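Taking it in order: structure first as structure tokens, then the write-up.
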Amino acid sequence: MKFVDQVRVFVRAGKGGSGAVAWRREAFVPRGGPAGGDGGDGGNVVFVADSHFHTLLDLQYRQHLRAENGTNGASKQKYGRGGKDLVVKVPVGTMVYVDGPGEEEATAAGVDPDDAPDDAMETIYVTEGDDDHWLTEPFDPGDSETASEHAVPEVGTLLGDLTEEGETLVVALGGRGGRGNMHFKTPTNRTPTYAEPGRLGQSLRVRLELKLLADVGIVGYPNVGKSTLISKISRARPKVADYPFTTLVPQLGVVKLSDQRSMVVADVPGLIEGAADGKGLGHQFLRHLERTRVLLHLLALDDDPNREPIGDLDAIEAELSKYGEFESQPRVVALNKADTLMDDNGKALIADLREELKAKNIPLFVISAHTGKGVQKLLEAIWRRLDAQR
């Protein structure tokens with residue numbers, strides 16, 4: 001499945017139904033009076049966090065979200081039916097920002113001409129009896145009486161952050177239904193010939209941004225073995241190959257430990273120096289590390305003589321500090337490909353690296369993602385840090 005973590009969509013809540021102008025006409029009731037019912041309220045557009053969704057792909061192909069309009073009031077004090085809410089399921093971890101007012105073709109009030117002719121003419125006057133009369137008038141979106149009561153927030157406003165399963169967010173509020181003429185009877189005006197039109201629902205453009213929720217985020221240079229590691233410790237099946245940037249999108253995996261313990265691990269595409277400034281692929285996905293509780297730095301020897309593990313670690317830490325606030329997240333460092341470090345030079349490298357990390361109060365674990373050596377010990381250490389975070 002294609003991974004999509006940013007998308008823009010147009011949302012429009014339903015318009016309220018218009019109130020009716022009607023009269024009570026029954027046998028033996030000479031002065032029935034006004035009996036026009038109220039219009040129904042328009043439906044809302046609601047986002048719901050659902051853990052079964054892991055990408056915003058569906059919304060990439062569904063960019064116009066419209067709730068149902070309320071129906072008009074009727075005679076005999078009958079109320080119009082309220083419009084149904086449009087419920088849209090999104091992944092847990094979705095943030096919703098205001099990206100602008102309604103659709104480009106809309107008027108200042110946010111009405112889409114594509115709605116015509118259904119919404120272009122609103123019935124506002126009805127009578128009952130042999131001389132039924134239906135009066136319709138063009139629907140004017142610029143009319144202050146019908147414009148939406150709900151202003152569009154400023155561009156960039158965070159409407160909500162859906163971080164828990166089942167959490168809901170009302171993105172666009174439906175328009176209020178108009179009152180029928182039965183509400184406007186007074187001692188001096190016993191036959192009101194007017195009713196309220198329905199109000200427009202909110203219309204705006206929103207930007208959805210997905211930040212994955214994971215316990216552990218694996219970071220490192222390309223080709224250090226991140227994909228191999230997550231494929232060994234979970235059921236995730238990322239592409240594994242011997243060339244850089246094999247992983248093009250984040251991968252999530254559930255790691256199961258003894259005693260029914262489990263944790264969610266995210267493998268982020270390889271980072272390089274300058275990632276926060278747009279180099280490589282990692283800058284597109286750094287946001288997914290912001291909500292991880294522990295960062296696992298995966299290091300390995302590289303064929304490039306200008307690179308060394310401690311230099312890679314410092315470079316990645318510099319990119320993280322440029323992008324956002326990661327100081328509060330505990331670090332764990334793992335030196336991968338232990339099977340290639342069995343000679344004296346390898347042992348000396350491990351000793352030097354351990355000494356440098358000790359000064360930074362960061363533990364070092366020597367592992368082999370391919371053979372599984374040291375991996376269980378690493379996972380238990382990560383679990384202890386997660387437990388301390390809780």
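Data table
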{"read-out": "Lone unmet requirement of (1) in a loop (DSSP other than H, G, I, E, B); (2) buried (at least 19 other Cβ atoms within 10 Å of the Cβ) for residue 53", "value": "(2)"}
{"read-out": "Count of the stretch 1-39 residues which are more than 35 Å from the chain's Cα centre (by Cα) and among the β-branched types (Val, Ile, Thr)", "value": "2"}
{"read-out": "Some residue of the stretch 324-340 being touching a helix residue (DSSP H, G or I) at 6+ places or on another chain (Cβ under 9 Å), of a type in the set (D, E, K, R), touching a residue at least 12 places away in the same chain (Cβ under 8 Å) and not in a helix (DSSP H, G or I)", "value": "yes"}
{"read-out": "Test: residue 345 is at pLDDT below 75, more than 27 Å from residue 212 (Cα to Cα), assigned by TED's automatic domain parsing to the domain that holds residue 377 and in a helix (DSSP H, G or I)", "value": "yes"}
{"read-out": "Any hit, the stretch 364-376, residues being assigned to a helix (DSSP H, G or I) and of a type in the set (Gly, Ala, Ser)", "value": "no"}
{"read-out": "The listed residue being over 18 Å from residue 159 (Cβ atoms) and out of contact with any Pro (no Cβ under 6 Å at 6 or more places or on another chain), out of 71, 94", "value": "71"}
{"read-out": "For residue 199: the one exception among (1) over 24 Å from residue 15 (Cβ atoms); (2) at pLDDT 90 or above", "value": "(1)"}
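Residues are listed down the side, and each one gets a yes or a no for (1) part of a strand (DSSP E or B); (2) at pLDDT 90 or above; (3) of a type in the set (Phe, Trp, Tyr):
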{"site": "118", "(1), (2), (3)": "no, no, no"}
{"site": "124", "(1), (2), (3)": "yes, no, no"}
{"site": "133", "(1), (2), (3)": "no, no, no"}
{"site": "137", "(1), (2), (3)": "yes, no, no"}
{"site": "145", "(1), (2), (3)": "no, no, no"}
{"site": "151", "(1), (2), (3)": "no, no, no"}
{"site": "166", "(1), (2), (3)": "no, yes, no"}
{"site": "182", "(1), (2), (3)": "no, yes, no"}
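The values are calculated or read from the model by the stated rules, or taken from the named source; none is laboratory data. Because the structure is predicted, anything quoted here is derived from the model rather than measured. As a convention, Cβ positions derive from the backbone with ideal geometry for all residues, glycine included, and neighbour counts pool all protein chains shown.
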